[in-house]
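Below is one structure, written out as structure tokens; the observations come after it.
Laboratory data are not the source of any read-out in this text; all were calculated from the coordinates shown. These numbers were taken from a predicted model, which means no experiment stands behind them. Cβ placement follows ideal geometry from the backbone for every residue including glycine, while neighbour counts extend to all protein chains displayed.
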Amino acid sequence: MFTLYYAPDTCALAAHIALEEANAVFRLERIDFAKAEQQQAPYLAINPKARVPALATARGVLTETPAILAFIAQSFPGARLAPLDDPFAFAEVQAFNDYLCATLHVAHAHRMRGERWADDPAALAAMQRKVPQSVTACYELIDRHMLKGPWVMGKGYTIGDPYLFTIAQWLEDDGVDAARFPRVIDHRRRMLERPAVRKAIADEFA
């Protein structure tokens, strides 16, 4: 059995959805950010990065959403969450997820996690002002060039879909005009129709 360490309204939702889609046997362990549990010794012993998600497996703990998603897809090939028999296509999925992780999520984090990069109040304020512009630029690229439709990689649902869905939940809070990105919003709507997505969301806020 796996254990998924998560906090509500974080990117851990992507891994949670993927586990549901794979019909994996797992349990949830909530990390309370309001109590700064991610910074406390019990969780740091699991994930010294002090972030979620973390996935405990029989072989050890995995961190970083793209790695966890790839692990789930490869561990449950019957769920067909990635084109595992096509190295190039699988690399395309990885490239999409890496962009979400390394570019879009980082741009989003400048809104409320600016202290990771600067201490000066003026610099923090400047980063926050930049978020609508930088996040919008990311969605322009995704909506016009990266989201193949109807799912991220085209006709087949993959581990790219729960990840995009998860981050797209924050789009409006980042000051982005959602009307500019109809394909992203349509993807978000269709994701909410999936039973695994609805179950994961309900479980995280239970």
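For the stretch 87-194, how big is Rg over Rh, using alpha carbon atoms and the Kirkwood form of Rh?
1.01
Given the peptides 138-145, 199-206, arrange them by the average over their residues of other C-beta atoms within 10 Å, most packed first. It would help to have the intermediate numbers written out before the result.
Values: 138-145: 16.5, 199-206: 14.1.
The packing order, highest mean first, is 138-145, 199-206.
Can you compute the helix-only [θ] at 222 nm over the chain? Use -39500 (n - 2.57) per DSSP H run of at least 4 residues, normalise by all residues, nearest 500 deg cm²/dmol.
Details: 9 runs with 93 residues, N = 206.
It lands at -13500 deg cm²/dmol.
Ranked by the mean number of other Cβ atoms within 10 Å of their residues, highest first, the peptides 66-73, 114-121, 13-20 come out as 13-20, 66-73, 114-121. Between GLY149, ALA58, VAL184, the Cα set farthest toward the positive side of the dipole of the chain (charges on each charged residue's Cβ, about the Cα centre) is that of GLY149.
For the chain, what is the convex hull volume of the alpha-carbon atoms per residue, in Å³? Don't skip to the end; give the middle numbers.
Working: hull volume 25.6 nm³, N = 206.
Given the Cα convex hull of the chain, per-residue volume reads 124 Å³.
Averaging Cα coordinates gives a centre for the stretch 159-174 and one for the stretch 109-143; these two points are 16 Å apart. Within the chain, the whole DSSP H helices whose Cα atoms reach 24 Å or more along their own axis and whose mean Kyte-Doolittle score is at least -0.5 are 121-141.
Where the only charges are on Cβ atoms (+1 Lys, Arg; -1 Asp, Glu), what is the dipole of the chain about its Cα centre, to the nearest 20 debye? Display every interim value, and only then the final one.
On the way: 23 positive and 25 negative charges, 39 e Å.
Taking the Cα centre of the chain as origin, the dipole is about 180 debye.
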